[in-house]
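Please read the structure below before turning to the comments.
Only the coordinates and a few stated rules stand behind these numbers; no lab work does. Keep in mind that this is a model prediction, so the values were computed, not measured. Neighbour counts are summed over all protein chains in view; Cβ atoms, including those assigned to glycine, are modelled from backbone coordinates with ideal geometry.
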Amino acid sequence: MTKEKTDALSGASMKHEEAETTSPWPGPKGMIPVTSGRADDANVHNRAYLDSILVEMRIIDAVKPDLKKQIFGQQFASPLMLAAISHLDTIYQDQGRSPMHEKAMAAKKINVLNWIGMESDEHYQEIIAGAGPTVRIVKPFADHDEIVKELQFAEKLGAVAVGMDIDHIPGTDGNYDVVDGIELGPISFEDLKRYVHSVKLPFVAKGVLSVSDAIKARDAGASAIVVSHHHGRIPFGVPPLKVLPEIKSALEGSGVKILADGSLMSGYDAYKALAMGADSVLIGRGILSELLETGEAGVIEKLTKMNQQLSEMMMYTGVKDTESFNRSVLHM
């Protein structure tokens, strides 16, 4: 039996076999689609690749590191950011809570950058009420004017950056995907340039998994990219960290910031992404369970722990601050 689910991280309309997996996430059954564990599941290969990266120790002269990071012109307490999640308030059954707002307030209290995914303009405004700096990510809607409208609305409300999930185009039926009844569509290079120049904010192309798309995003005027397979949207997808060094080399000197995600569940995972060349990293699944169970406090506790783990690894490898990561400490 198959049921259609909505992924809170991607906003994807997804189908999976009900008996395939048991969800580890709190909340209604099937609320957050879980990975299948099959060979076509990019998350399987991503986890295996992350775990295969080992770290050598460079402890002499090491000091406690400074985790502060400048992102989109603002200084934050850490290079860890809270990833763009969508629809969580809609599909969460406890109507007395707003996990999306709780996440935004947690980010403000610990001074990290919060990202928000596909939401109506009205709900987006409710989520960020009283919150700190935010990045809004929109979908590649078939209606291009709606894309521009949402980007400009976020700019009006004070977002520090905006962007698009450039990888959320196909659905699992081989057609353009449909999310919440809204049709998605293709993105041409000229389309992307239009979106970039429709606002005065930094624009992020999220879902880059090749040098080819990284260069196109750069040439379209994007200020940043997120190296990501969007929690395994592409079957047999290459692990983001595997292509990250090649993308970094291709964008050298361009000024384009390189961010990364991919089920980074600990500060140790985040360290590997930063050592591989990411300027900052997005944490989504890594805080999702805590967010659903205990809200703002749970997110703060988990991010605090991840920052402690990141600091530990930086000290073990002689990395004094977030501008001093060195890929040569990693062994594949």
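About its Cα centre, the dipole of region 69-322 is roughly 980 debye, where the only charges are +1 on Lys and Arg Cβ and -1 on Asp and Glu Cβ.
Straight distance only, please: which aspartates and glutamates reach the Cα of Lys193 with their own Cα at less than 12 Å, same-chain residues fewer than 8 apart left out? Lys193 reaches Asp219. Among 267-280, 56-69, 113-126, the peptide with the highest mean count of other Cβ atoms within 10 Å heads the list, and the full ranking is 267-280, 113-126, 56-69.
Taking the average, over residues, of other Cβ atoms within 10 Å as the packing measure, peptides 76-84, 290-298 rank 76-84, 290-298 from highest down. Restricting things to alpha carbons, find the Rg to Rh ratio for region 147-228 using the Kirkwood radius for Rh. We get a ratio of 0.97 for region 147-228. Once the gyration tensor of the Cα atoms in region 208-262 is diagonalised, the equivalent ellipsoid follows with semi-axes of 19, 11, 9 Å, ordered largest first. Across the chain, counting alpha-carbon atoms alone, Rg and Dmax equal 18.7, 59 Å.
By DSSP, the beta bridges lying fully in the chain are antiparallel in about 35 percent of cases.
Remark on region 175-328: hydrodynamic radius 17.0 angstrom, per the Kirkwood mean of 1/r across alpha carbon pairs.
Taking a straight line from the alpha carbon of Lys109, these lysines sit under 29 Å away, with near neighbours fewer than eight places off in the same chain left out: Lys64, Lys68, Lys69, Lys139, Lys156, Lys200, Lys206, Lys257, Lys272, Lys302, Lys305, Lys320. Taking the convex hull of the alpha carbon positions in region 78-142 and averaging its projected area over all directions gives 4.8 nm². Antiparallel as a % of all DSSP beta bridges within region 93-233, to the nearest 5? Among the beta bridges of region 93-233, antiparallel pairing accounts for roughly 20 percent. Sparsely packed loop sites in region 109-213 (the trypsin sites (Lys or Arg not before Pro) outside DSSP H, G, I, E and B with at most 13 other Cβ atoms within 10 Å) comprise Lys200.
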